[in-house]
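Worksheet for the structure shown next.
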Amino acid sequence: MRDELRLELPPSAIKIRDAARVLTQESTFTKVTIADVARRSGVNEVTIYRIFGSRDGLAAACWSTNLPALRRGIARDHAGLQDPVDRVKAHLRRLARVAVSDREVTQSLILAVEAVTMGRSSAMGTLDPRKLIPLPQMLTPLIVDAQDAGLMRNDYPAFELAVVLTNTLLLRLLTRPTHSAATISRFAIDLSLEGVLTGS
């Protein structure tokens, strides 16, 4: 069954993404140029910019390869957890681990999402990184469960709370490049999550 939260990439975008991933494994994402990706993929630079808009947009496609591992890890972490808030915390911890394991690409992903959100059309290609990497959408059902249980404030839509929690975690990663996944997730949980729980 097709994952409804995941945007399917066209074949040319997959070819470009896979070439960028190989280059990133051989070097680091910060050293990979669009020209390098064009040579490796056999797709010209104009097409790469048309699809992804920028290196940061390409990073979003690269990060999408982390989604299967993220989903499997979240499913394992949720096994046996009944409390909806514990499930939200487990989700944030797993996201931090995956994001830190691919830190350079995650940092570029954050910049791509920010560029699209702020409407900087020069940085946008035909693929919206917010649809390609649906991190808040993955967290939203867990927040709905916590709201339904009366454990999380419901004066804001669940999706908006998911955006706040996800962005707090990812922005902490961007601004604290040497912090561990545990430190980053603890910050997001202690600061952001505690602010949206009922009785906080």
Residue among Thr106, Ala19, Ala181 farthest towards the positive dipole end of the chain, charges placed on Cβ: Ala19
Selected from Ser54, Thr65, Ala79, residue furthest toward positive end of dipole (segment 1-118; charges at beta carbon): Ala79
Dipole magnitude (debye, nearest 20) for the chain, charges at Cβ of Lys, Arg, Asp, Glu: 600 debye
Percent of C-alpha pairs per 5 Å bin, segment 141-200, short to long: 4, 21, 27, 21, 14, 9, 3, 0
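Efficiency by 1/(1 + (r/R0)^6): what FRET value for Thr33 and Glu194, r their Cβ-Cβ distance, R0 = 45 Å, to the nearest 0.05?
0.60
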Segment 1-76 - Rg and Dmax from Cα coordinates, angstrom: 13.1, 41
Lysines with Cα under 28 Å of Lys15, excluding same-chain neighbours fewer than 8 positions away: Lys31, Lys131
MRE, 222 nm, helices only [DSSP H, n ≥ 4, -39500 (n - 2.57), over the chain, to nearest 500]: -20000 deg cm²/dmol
Highest to lowest packing among 52-60, 36-44, 167-175, scored as the average C-beta count within 10 Å: 52-60, 167-175, 36-44
Whole-percent pair-distance distribution, where bins are 10 Å wide, for the alpha carbons of the chain: 9, 34, 34, 17, 5, 0
10 Å Cβ shell holding at most 11 others, DSSP loop, GluC sites (Glu not before Pro): longest site-free stretch of the chain: 9-200
The chain: angle of helix 11-26 to the longest principal axis, Cα-based, in degrees nearest 10: 90 degrees
Residues in segment 43-77 that a label on Gln25 would reach, taking backbone N under 16 Å of a point 7 Å out along Cα→Cβ: 62-69
Long-range amide H partners of Met152 with built H, under 5 Å: Gln147, Thr198
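Read the figures in this text as sums done on the coordinates, not as results from a lab. Being a predicted model, the structure only gives us computed values, none of them experimental. We place every Cβ from the backbone using ideal geometry, glycine too, and count neighbours over all the protein chains shown.
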